[in-house]
There are 2 protein chains.
Amino acid sequence: MKLSGLGKCAWNAATSPIRPYGFAARRYGPSLAVLGLSFIVTTAAWAADPLPSWNEGAAKQAIMEFVKATTQEGGNQFVSPAERIATFDQDGTLWVEHPAYSQLFYCLSRVPAVVKAKPELASVEPFKTVLSGDRAAMAKLTLDDYLKIAMVTLSGMPTGEFKQQVHAWLAEARDPRWKRPFTELTYQPMKEVMQYLRDNGYKTYIVTGGGQDFVRTYSEEVYGVPSEQVVGSAGATEYGYDKSGKPQLIKQPKIVLNDNDAGKPENIYLMTGRQPNAAFGNSTGDKQMLEYTKAGQGARLVMLVLHDDAKREYAYGPAQALPDTKVGAFTQSLYDQAKRDGWTVISMKNDWKKVFAFE
Amino acid sequence: MKLSGLGKCAWNAATSPIRPYGFAARRYGPSLAVLGLSFIVTTAAWAADPLPSWNEGAAKQAIMEFVKATTQEGGNQFVSPAERIATFDQDGTLWVEHPAYSQLFYCLSRVPAVVKAKPELASVEPFKTVLSGDRAAMAKLTLDDYLKIAMVTLSGMPTGEFKQQVHAWLAEARDPRWKRPFTELTYQPMKEVMQYLRDNGYKTYIVTGGGQDFVRTYSEEVYGVPSEQVVGSAGATEYGYDKSGKPQLIKQPKIVLNDNDAGKPENIYLMTGRQPNAAFGNSTGDKQMLEYTKAGQGARLVMLVLHDDAKREYAYGPAQALPDTKVGAFTQSLYDQAKRDGWTVISMKNDWKKVFAFE
């Protein structure tokens, strides 16, 4: 995904019904065991597949071969464990980004509370329009309007209070199409890739144009990614003391990191000092991260998620337009670069057995 | 330590003679074994001490009790492994900071090469003075002069080239007093604390006012701290392409993170999203990090290194002046805060059996 600065939104996992990721085999293991040896052999073969939600094909094969090449000691493409880094864009790569980034829903949900605290905003745009609930008028809000909303709703509070606000929203909020918590709209095949890479010594990072603080509230529970491995667009904090003299950090309406486009490799370097061995994205905002990853020495895994499954998720970008050639230039150009530079395109429709865990 | 922005310098470990940290017991184990059972029992008791370079006392006890309290499952101060974070200032806390920060020596050493590439600087101050080698004149350079030197010597090159330059310097540079590589002037007792915390599930971070990129070149080999766990003052990088079209990041003369004072807790939060459970410092630049760490719930370990050993290292700050009460106000105030707020002061003279591994 791509979005300027903090104009994005999402949910929390501490209160969500999402369970930690695990293979279905583990759940059914005991009851299957009574069915006899031949069945057990089949089960074992199936359980040994680290990517059960992937169909056989070039994409799955690229992942398996990359892991094999970089973890085989003595091999000429071996990567030492300390240097194994894989980076994942979030919106559109790890979870659904349509019809809007989840963090945007969050920011809109916070407007009434913010206006209650600052009543003077009630008569000021874009807050007036948001409060009106007039969907036609809201559809006309500009990116600049959304940035104003983001700045006001994502700052002014201590960091701990922000975390609680996001948690509370995630527990209640539902997406407009599936009517499920946003945390359930994560792509099961991608969570399998993350786990598979971790099982092979990789540190998995989320590198998102969305708000770093926002994603950190749920990254551990939803993706198994600890907060220190989330790199995102980030606002400043200011150190100070509360009324009782206790130190605290207050979130400021000032952007420190813009984690889109060139900002992605720049911030990966700032936060880790490393060049990733593997990277996953889906939009032009990921272009520089993907090509920077590909430019490193040795085996590299660079993958681009193509949204071509209108039935199970959405079809947009190149996929939507390919049949009649009305292609959005920016996405077609990324798709062309993928072919030219040896990135692997993931077709949601063809490469994924299932999209969501709840299917 | 404390210094504004990037005006600091150091060395590299890939080429240094420092060996990875290990207890002396391991080296002598086999030959000792032949001496019989009673000796083995004694050896085992000694080998089991995770802090062999520490004298018994309040400081060592505080460390041991903190680790016990926070790692005992079921205990009321238990901290889950994912949340175990310990932060260490570098200059004056992990290694010698007198007579000047090592990174400053590095920056000065780069001046001739920079002037060779940009001859117009030869007649411009402060470069003219540095090139003259006139020590009396150099002693009069201001902090602003040093910042100019830092900006010019720490930017303009691809990130990989910078790393090579630091590596080369570290291999050759020697400190003025001990005539040893700077990497050998690390405090053995502090390296033991880092290892002890890691052995108990803590992630150890270096949080330095010095240059993040500089420290990252040697942090893994010297301290066992991977680059992604170094937070420091940092310059921007700019994504671009070299002549062959290959992506690269060029270091810019623009500060993104100033990791001193309030900047320390702010940047710890930016980089990790966490509040440390333990923190170690030695100067006013560490004050906010120490009090922020102490402000968290549950068991907290906050330690202040007091330089009171003129013989084995240096005596300065409160220690130097305590006998005759001519105390530098800023350091005395920090020392007073330590007593008031329950931080533990580490006396180099009394708490450390040895200061350096080479003793």
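The values are calculated or read from the model by the stated rules, or taken from the named source; none is laboratory data. Model, not experiment: these values are computed from the prediction. Cβ coordinates were reconstructed from backbone atoms using ideal geometry, including for glycine residues, and neighbour counts include every protein chain displayed.
Regarding residue B:158, is this residue modelled with pLDDT under 95 and either within 25 Å of residue B:67 (Cβ to Cβ) or not β-branched (Val, Ile, Thr) (or both)? Answer is no for this residue.
Considering region B:182-202, and only residues there that are assigned to a loop (DSSP other than H, G, I, E, B) and touching a helix residue (DSSP H, G or I) at 6+ places or on another chain (Cβ under 7 Å), the residue that is farthest from residue B:273 (Cα to Cα) turns out to be B:200. The residue list B:117, B:122, B:113, B:100 contains one member that is among the aliphatic types (A, V, I, L, M), over 25 Å from the mean Cα position of the chain (by Cα) and farther than 30 Å from residue B:239 by Cβ, which is B:122. The conditions of being within 12 Å of chain B (Cβ to nearest Cβ), crowded, with 24+ Cβ neighbours inside 10 Å and touching a residue at least 12 places away in the same chain (Cβ under 8 Å) are not met by residue A:193. All of (1) part of a loop (DSSP other than H, G, I, E, B); (2) in contact (Cβ under 8 Å) with a residue 40 or more places away in the chain hold for residue B:171 with one exception: (1). Restricting A:248, A:297, A:275, A:288 to those that are assigned to a loop (DSSP other than H, G, I, E, B) and touching a Pro at 6+ places or on another chain (Cβ under 9 Å) reduces the list to A:275.
Take residue A:230 and tell me if it is under 15 Å from the mean Cα position of the chain (by Cα), more than 30 Å from residue B:341 (Cα to Cα), facing chain B (nearest Cβ under 9 Å) and not basic (Lys, Arg). Yes; evaluated as a whole, the condition is true for this residue. In region A:129-154, the residues that are on the phi < 0 side of the Ramachandran plot reach residues that are hydroxyl-bearing (Ser, Thr, Tyr) and exposed (fewer than 12 other Cβ atoms within 10 Å of the Cβ) with C-beta atoms within less than 9 angstrom, at least six apart or across chains, in these pairs: A:138/A:132. Among the residues of region A:283-299, just one is farther than 17 Å from residue B:239 by Cβ and at pLDDT 95 or above, namely A:299.
For every residue, the table says whether it meets (1) out of contact with any strand residue (DSSP E or B) (no Cβ under 8 Å at 6 or more places or on another chain); (2) in a helix (DSSP H, G or I); (3) at the interface with chain B (Cβ under 10 Å from one of its Cβ atoms).
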residue	(1), (2), (3)
A:204	no, no, no
A:207	no, no, no
A:210	no, no, no
A:214	no, yes, no
A:220	yes, yes, yes
A:225	no, no, no
A:237	no, no, yes
A:240	no, no, yes
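Note on region B:242-260: residues that are of a type outside the set (A, V, I, L, M, F, W, C), in contact with a helix residue (DSSP H, G or I) (Cβ under 6 Å, 6 or more places away or on another chain) and at the interface with chain A (Cβ under 9 Å from one of its Cβ atoms) total 1. Looking at residue B:178, is it more than 14 Å from chain A (Cβ to nearest Cβ), farther than 16 Å from residue B:100 by Cα and hydrophobic (A, V, I, L, M, F, W, C)? When the stated conditions are applied, residue B:178 does not pass them. Given the criterion in contact with a Gly (Cβ under 6 Å, 6 or more places away or on another chain), over 30 Å from residue B:295 (Cα atoms) and not basic (Lys, Arg), identify the matching residue among A:232, A:209, A:201. Among A:232, A:209, A:201, only A:209 is in contact with a Gly (Cβ under 6 Å, 6 or more places away or on another chain), over 30 Å from residue B:295 (Cα atoms) and not basic (Lys, Arg). For region B:285-323, filtering for residues that are under 18 Å from the mean Cα position of the chain (by Cα) and within 14 Å of chain A (Cβ to nearest Cβ) leaves 8.
Exactly one residue out of B:227, B:219 is modelled with pLDDT of 95 or more, of a type in the set (Ser, Thr, Tyr) and surrounded by fewer than 24 Cβ atoms within 10 Å (Cβ to Cβ), and it is B:227.
Given the condition more than 14 Å from every other protein chain (Cβ to nearest Cβ), part of a helix (DSSP H, G or I) and at pLDDT below 95, answer yes or no: does some residue in region B:90-103 qualify? Within region B:90-103 (the criterion being more than 14 Å from every other protein chain (Cβ to nearest Cβ), part of a helix (DSSP H, G or I) and at pLDDT below 95), the answer is yes, since at least one residue qualifies.
Each row is one residue, and each column tells you yes or no for (1) modelled with pLDDT of 95 or more; (2) touching a Phe, Trp or Tyr at 6+ places or on another chain (Cβ under 6 Å); (3) surrounded by fewer than 16 Cβ atoms within 10 Å (Cβ to Cβ); (4) of a type in the set (A, V, I, L, M).
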position: A:141; (1), (2), (3), (4): no, no, no, yes
position: A:152; (1), (2), (3), (4): yes, no, no, yes
position: A:163; (1), (2), (3), (4): yes, no, no, no
position: A:174; (1), (2), (3), (4): yes, no, yes, no
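Against the list (1) buried (at least 24 other Cβ atoms within 10 Å of the Cβ); (2) touching a Pro at 6+ places or on another chain (Cβ under 7 Å), the condition residue B:53 fails is (1).
Looking only at residues of region B:262-282 that are touching a Gly at 6+ places or on another chain (Cβ under 9 Å) and either modelled with pLDDT under 95 or within 7 Å of chain A (Cβ to nearest Cβ) (or both), we find that the one that is surrounded by the most Cβ atoms within 10 Å (Cβ to Cβ) is B:282.
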